[in-house]
1. Would you list 98, 43 from the most to the least accessible area, probe 1.4 Å?
2. So if R0 is 30 Å, what FRET efficiency would residue 125 and residue 158 give, r being the distance between their Cβ atoms, rounded to the nearest 0.05?
3. Say each of residue 52 and residue 151 gets a label point 7 Å from the Cα, pointing the same way as Cα to Cβ; how far apart are those two points in nm?
4. Per residue, how much space in cubic angstrom lies within the convex hull of the C-alpha atoms of the chain?
5. Of the heavy-atom accessible surface of the chain (probe 1.4 angstrom), what whole percent is carbon and sulfur?
6. Could you rank the peptides 75-85, 48-58, 128-138 by their average count of other C-beta atoms within 10 Å per residue, with the highest value first?
7. Students sometimes get this wrong: rank 61, 144 by accessible area, probe 1.4 Å, all chains present, largest first.
8. Given the rule -39500 (n - 2.57) for each run of at least 4 DSSP H residues, summed and divided by the residues of the chain, what is its mean residue ellipticity at 222 nm, to the nearest 500 deg cm²/dmol?
Amino acid sequence: MLRVDQAGEYGATRIYAGQLAVLGNRHKCSALIGGMAAQEQEHLAHFDALLAERGVRPTLLQPFWAVAGHALGAATALIGPAAAMACTAAIEDEIDAHYSGQLAELGDSDPPLSASIEKFQADERAHRDAAIEAGAETSLGYPLLYGAIRLGCRAAIELSKRI
Ligand SMILES: [Fe+2]
Ligand SMILES: [Fe+2]
């Protein structure tokens, strides 16, 4: 669980970095993306610490997620700000479902971990809502883009659990 969560939060920081690399800091979406990126950094720092504390090795795919995450962020931002928001909406919906699954699986077995996941899940839901608010659904080809990114995110989750 910790390996895949750390990988996911790392991927999130890379996606937002890729989007900001394209949009810069003067675009009207930049502050929103910057704020979400800062929260992802907090989530990542928490899982980094937990990995170290509990002796869990990170995914071997980390170098790959560094490139793939950045590329996904940059590519969606190049399509346009609405597509960048569509990317966030898709990713966060998938992560929301992923965290719900983990919370159900954890039950009462690890209250501190459950508390962290609940907090992060609330942040991810807020990111999704902000992305919709900022026009995610107005992106050209939204259903296709949304579906493809969710599918890719799900594949990344499954790979990061195993490798
Ligand atoms: Fe996050
Ligand atoms: Fe997020």
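The values are calculated or read from the model by the stated rules, or taken from the named source; none is laboratory data. Keep in mind that what you see is a predicted model, and the values were worked out from it rather than measured. So basically every Cβ, Gly included, is an ideal-geometry build from the backbone, and we count neighbours across all protein chains shown. Side chains included, ligands, DNA and RNA excluded: accessible areas come from the protein's heavy atoms. Shrake-Rupley method; radii C 1.70, N 1.55, O 1.52, S 1.80 Å.
1. In descending accessible area the options line up as 98, 43.
2. E(calc), rounded to 0.05, equals 0.85.
3. Simple spin-label model gives 3.9 nm for this pair.
4. So the per-residue Cα hull volume is 96 Å³.
5. 62 percent
6. 75-85, 128-138, 48-58
7. From most accessible down to least: 144, 61.
8. Computed mean residue ellipticity for the chain: -29000 deg cm²/dmol.
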